[in-house]
Each structure stands twice: as C-alpha cells, then as structure tokens.
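Beneath this line is the structure, given in structure tokens, with notes to follow.
What follows draws every value from the coordinates through simple rules; no lab data is involved. Keep in mind that this is a model prediction, so the values were computed, not measured. A quick note on method: Cβ atoms are made from the backbone with ideal geometry, for glycine too, and the neighbour counts reach across all protein chains shown.
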Ligand code: NAD
C-alpha cells in the first residue's frame, strides 16, 4: 500500500472512530447498514477456550475489527478455527513460537484470553513482538505484575487494553452520564453483588497457580471496577471479610466468598459481595441524594436491564464483545478516547484494590488506598 493511501486510510479510521454513533442511540443500527472501507484492526486470539470462542463469534459482526490469527496449544482447535474463520497457516502459532508474530504483517494486535496467571508473561512477549495487546480481566494476578506489563507495553510503544466490556454497555453508560451531569445529585452509596455457583472442582479457576485467587479475581472484580465507574471516584480505603464453607473445594488462596467495603473521598461508601458459591448474584445499585440507579442483571452477557428514579432504561442491547472490539479498534487505530478508560492503568487500579482486599482479609484491618 502506498503511503498516501495508507495516510488517507488512517484519517478515515480516525474519522469513523470518532463518528461511530453512541451505542445508546438508535442510529447505531444505521451505522451497521452502511458500508465501511476504512482500516480494520486485525486481531489474533490467544487461548481458544470458552471466552475466546465467544469473542471470535462476536467479531464476525464487527466492521472495524477482524480475526486474522490464532495462538493455541491444541492443533485440532487451530484446524477448526482455520476452517471456520478462513485463517491461513501463516497466521497460526502455538505457545512456544508466537514471538515470531513480530514478522507477521497481517496481525496488528493479540487478544490474550488464557487463564489469569498466564497473562503477565504472554502480554510481555506480545509487546516485545511489537504488537498491540488486548488482555482479559483480571489483567494480572497482582499489581506488581500489572505494572510490569504496562512498563513492557510502554517500552515497546504498543497499546495495552483490557477486556472491560461493560465500559461500552449502553445502559451502564446512561447511568454514568446521568451521574456526571448531576441528574442524581451527590452519590451516597453503591452496592455490587457479583457471583455464581462454580461447578467442576478441577477447573483452572479453582487452582491458585493459574487463577491467582478465587472468586475475587474472576467475578468480584466486576463489583470493584463497577463501584469505581458508578461512583465516579477512586476508593481511599477498603475493609474485607472472607467466608469459606467448603475448604475442600476452595483451597488455601482460593477465595469462595468475600464481602468488602470501600470509602470514597466524596463521602460515599460501597458494600460489595464476591462469591463462587451463591446463585443469582448480578446486581448493581447506586443511591444518590436526588435519585437512584439499579442494574439487574448488571454485568452478564445481557441483555442488561435497569431502571433509575426516572424510569426504565431502554437503551438497545448489542452483543458486548462486538461493541468492545469495534471501540477498541477505534482506540488503537483512531486514537479514540473511551468514556470509561480500558487501558492498563485502569486495570492496575483494580489490581491494587484486589491486593488491598486480600490484605484486609488477612489482617482484619482497614487498608488505605492511594490510586
Ligand atoms: P477457558 O478455560 O474456557 O479457556 C482458557 C483457554 O486457555 C483454553 O483454550 C486453554 O486451552 C488455554 N490455556 C492455555 N494454557 C493453559 C494452561 N496452562 N492451563 C489451562 N488452560 C490453558 O477459560 P475462559 O473462560 O475462556 O477464560 C479465559 C480468560 O478470559 C480468563 O482470564 C477470564 O477471566 C477471562 N474471561 C473474561 C470474560 C469477560 O466477560 N470479559 C468472560 C469469561 C472469561
């Protein structure tokens, strides 16, 4: 491609990224009816498990992002994905050779969707290969690792984004808009209830070496992250209490249930629950001087449902992973600024809070936070 055409395509990408209609508006349907010939983020997925599969399916509807490569340790999965998504042999890697992706001009970014404890090394290797990285949550298993990943991406001059799909969810964004524009008044309280009853005791999510912890790493992180974007401030202290009813299934270092509380600089407080052993827990509630907002369910794959003191939220449901990948393409290729950040620094704050929650559980003391 000549440099002028390249330049024009970049400009078009930025324009389209900035003019992509708000996902809360009806005009988003119109966007998908029009043709698009701007640049496309070409993505390789690393880890072809259940969430990787969901992301790949959702990306089929994307205009600005496309699956062009895979990284997997299972040859049969690679074969299946190759035929389903028309991926050439040259864009297929395993965990031993994916550093060679640096020589592949058909891949702009790698989306790391593997067990939590592997993210650190894999993200750093992708960064060293000079490709942008999208990493699943939790970005790492502690703040020290998270910082190392940010440093590696900065050094390699590649972008690091984290799969916070709720940051693009229309009903969530409407509550954030109402709060920012003062329609709710001063925020007083947030409640985040996040959990499910986990099955198979042999899965990696219950293995400290691969998961880095238990429910907090996997599902409690939604309440942590949600309390920050719903309240609109960073917590300044945390207290936390753990309950374990089944130490056989939830071994040392794998938390079953943790209740935790935050204090915010503006005076608001939050009360949250993270669990692997209760069903029907997916609810956010925000209370403010002039109103309230409730999301129930709040972070599942949707449709998300919610209401505020003004009535039912009616923004349309669009597959979260489709929207996320379109928006991330806009961020990486077009320099778009998301309403709620999805970068490594954002994820590092959650990791610092997780470290503090585990410390509060261990010591039984209130832990101060500086984010
Ligand atoms: P999964 O077990 O279904 O898939 C994990 C994949 O990693 C598998 O294909 C597995 O083969 C591969 N893998 C590579 N090395 C491995 C190793 N040493 N041990 C085990 N598996 C290995 O898990 P998942 O549900 O797809 O979760 C993957 C990541 O995605 C996790 O970090 C999780 O938190 C995140 N996730 C995010 C969301 C979301 O909504 N954002 C939803 C689900 C999972």
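Before moving on, here are some points about what is shown:
- Helix axis angle, 50-59 relative to the chain longest principal axis, alpha carbon, degrees: 60 degrees
- For the chain, share of DSSP beta bridges that run antiparallel, in % to the nearest 5: 55 percent
- Gain on full stretching of the segment that runs from residue 51 to residue 252 - 0.36 nm per residue minus C-alpha separation: 69.7 nm
- Build a GNM of the chain with springs between Cα atoms under 10 Å apart, and of 232, 199, 130 the one that fluctuates most is 199.
- Remark: the Cα gyration tensor places the range 102-253 in the oblate category, a/c being 1.5 or greater and a/b not exceeding b/c.
- Mean residue ellipticity (222 nm) of the chain, computed from DSSP H runs ≥ 4 via -39,500 (n - 2.57), nearest 500: -11000 deg cm²/dmol
- Using C-alpha pairs below 8 Å separated by at least 6 residues, the relative contact order for the range 39-162 is 22 percent.
- Three-way shape call for the range 295-368 based on the alpha-carbon gyration tensor, with the a/c threshold at 1.5: oblate
- For the chain, the longest principal axis of the alpha carbon atoms and the long axis of helix 143-156 meet at an angle near 20°.
- Extension reserve of the residue 359-residue 312 stretch, reckoned as 0.36 nm per residue once the Cα distance is removed: 13.0 nm
- Shape call, the range 39-162: gyration tensor on alpha carbons, a/c limit 1.5: prolate
- With neighbour counts taken as other beta-carbon atoms within 10 Å, the residues 236, 134, 107 rank, fewest first, as 236, 107, 134.
- 0 to 90° range, to nearest 10: angle between helix 3-19 axis and the chain longest Cα axis: 30 degrees
- Pairwise centroid distance, computed over Cα atoms, of the range 276-334 with the range 167-188, Å: 11 Å
- Its Cα gyration tensor gives the chain an equivalent ellipsoid; the semi-axes, largest first and in whole Å, are 33, 26, 18.
- Gain on full stretching of the segment that runs from residue 100 to residue 207 - 0.36 nm per residue minus C-alpha separation: 35.5 nm
- Between 289, 256, 345, the GNM of the chain built on Cα springs shorter than 10 angstrom shows 289 fluctuating the most.
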